[in-house]
1. Starting from residues that are within 17 Å of L121 (Cβ to Cβ) and among the small types (G, A, S), keep the ones in the range 49-61 and report whichever is surrounded by the most Cβ atoms within 10 Å (Cβ to Cβ).
2. Tell me whether the range 30-48 contains one or more residues that are touching a strand residue (DSSP E or B) at 6+ places or on another chain (Cβ under 9 Å), buried (at least 20 other Cβ atoms within 10 Å of the Cβ) and over 15 Å from A281 (Cβ atoms).
3. Among (1) touching a residue at least 40 places away in the same chain (Cβ under 8 Å); (2) surrounded by fewer than 22 Cβ atoms within 10 Å (Cβ to Cβ); (3) under 22 Å from the mean Cα position of the chain (by Cα); (4) farther than 26 Å from V213 by Cα, which single condition is M67 missing?
4. Here are some conditions: (1) more than 16 Å from the chain's Cα centre (by Cα); (2) buried (at least 23 other Cβ atoms within 10 Å of the Cβ); (3) under 23 Å from V325 (Cβ atoms). L251 meets all but one. Which one does it not meet?
5. Among (1) under 22 Å from S72 (Cβ atoms); (2) at pLDDT below 85, which single condition is L219 missing?
6. Right, L19: surrounded by 20 or more Cβ atoms within 10 Å (Cβ to Cβ), in contact (Cβ under 8 Å) with a residue 24 or more places away in the chain and within 20 Å of the chain's Cα centre (by Cα) or not?
7. Can you pull out the helices (runs of 4 or more DSSP H) entirely within the range 22-98 that have at least 1 residues that are at pLDDT 75 or above?
8. Can you say whether L247 is modelled with pLDDT under 85 and under 16 Å from Y179 (Cβ atoms), as far as the supplied structure shows?
Amino acid sequence: ILATASGLMVDRFGPRFALVSAAGAAILLDLGYLVAPNLYALFALRFLEGLVIITTLNAGPAILIAMSSEKSQKTALSLWSSYTPVGNFIALAVGGVVAGGLWWTMAYAYHIALLAVAVGLTWFSLPHVDLREKGQTGPRKSMVETFAALRQPGPIRLAIIFFAIASLGVGSTTVLPAYIASEHGLSINQASGLMAGANLMMLIGTFLAGLAVARGIGLMLLALVLGGIGAALGVATFLPNIHLSLLAPLLGGWFAGIGGGKVLMTVLLPIATPPGQRGLAIGVVNQASALASFGAPVIWKLLATGSNWLVFAGMITVSWLVVVVLVRQILRAN
């Protein structure tokens, strides 16, 4: 809900201040989790945690773009784009140790320790620079001038790319376990195990795409390769009567393509967003990603009724086609 508003805060106070504030607020929320008296309190804290998360997602790329030279920006942003698979891996590893026992709340204690380290690293390791003096954020402007980023084609195009790629990952993860179990006679547990392996391949896809970008591959070529791989393997995953032995490599390749797509959309940020309003523009883009996380499961669930593979094939193909077309438009405009 507040991704765009959070982007305004990044522009106004600077990404470094926003990162420290978000991490500090997250520590307070984790303390709240430890003493929450009931489930309703946990849900309320979880809602507030969303603002902390989206502030981090807005401020992180903004400070990387401001601190990095034009040559190193793509490498820095490629590393940043790996936060989802790496974060999920750490969360599952740590959460699995304490989940299901009397001490399950210790997961929040671990999180507090990680956040404390993050606050220290951000405050003491990053340069004490007011990014507004470097042209990445401007002085206070009228609301009309500030929201001009909402009318610019670059951020809007990139927001649609974020929505398309995020929808593919979140939506497919929602419906695939039940679909695979139904089509191949597996249990939900077995199908979920296949999905866990596919999510690990997303990390490998992120690494390979980041390496390609660092080596200087053209972003249009990367979009075409990822679009081709993503559409072909994604459609093949949903083909009826596909042999079970092929399912794991198809899923792995498809999700590796989605991981590469996350790198692609992240390295497009400095190209598609205006420097003077970068926080707001990144907020608009992350707003689309947040909407995808909320809406994609519902859309995919509705379309999954009847398990028609042609519906899934159409969604996957159209999504990657939209990504390729919009990447071309962004690059041509810049």
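The values are calculated or read from the model by the stated rules, or taken from the named source; none is laboratory data. On a predicted model such as this, the values are computed, not experimentally measured, just so you know. Glycine also receives a Cβ, built like all others from the backbone with ideal geometry; neighbour counts cover every protein chain displayed.
1. A59
2. Our first condition is that a residue be touching a strand residue (DSSP E or B) at 6+ places or on another chain (Cβ under 9 Å); within the range 30-48, this holds for none.
Scanning the range 30-48, I find no residue that is touching a strand residue (DSSP E or B) at 6+ places or on another chain (Cβ under 9 Å), buried (at least 20 other Cβ atoms within 10 Å of the Cβ) and over 15 Å from A281 (Cβ atoms), so the answer is no.
3. Tallying (1) touching a residue at least 40 places away in the same chain (Cβ under 8 Å); (2) surrounded by fewer than 22 Cβ atoms within 10 Å (Cβ to Cβ); (3) under 22 Å from the mean Cα position of the chain (by Cα); (4) farther than 26 Å from V213 by Cα, M67 fails exactly one: (4).
4. Checking L251 against (1) more than 16 Å from the chain's Cα centre (by Cα); (2) buried (at least 23 other Cβ atoms within 10 Å of the Cβ); (3) under 23 Å from V325 (Cβ atoms), the one that fails is (3).
5. (2)
6. Numbers: surrounded by 20 or more Cβ atoms within 10 Å (Cβ to Cβ): yes; in contact (Cβ under 8 Å) with a residue 24 or more places away in the chain: yes; within 20 Å of the chain's Cα centre (by Cα): yes.
Yes; evaluated as a whole, the condition is true for this residue.
7. Helices (runs of 4 or more DSSP H) meeting the threshold: 39-67, 73-80.
8. Answer is yes for this residue.
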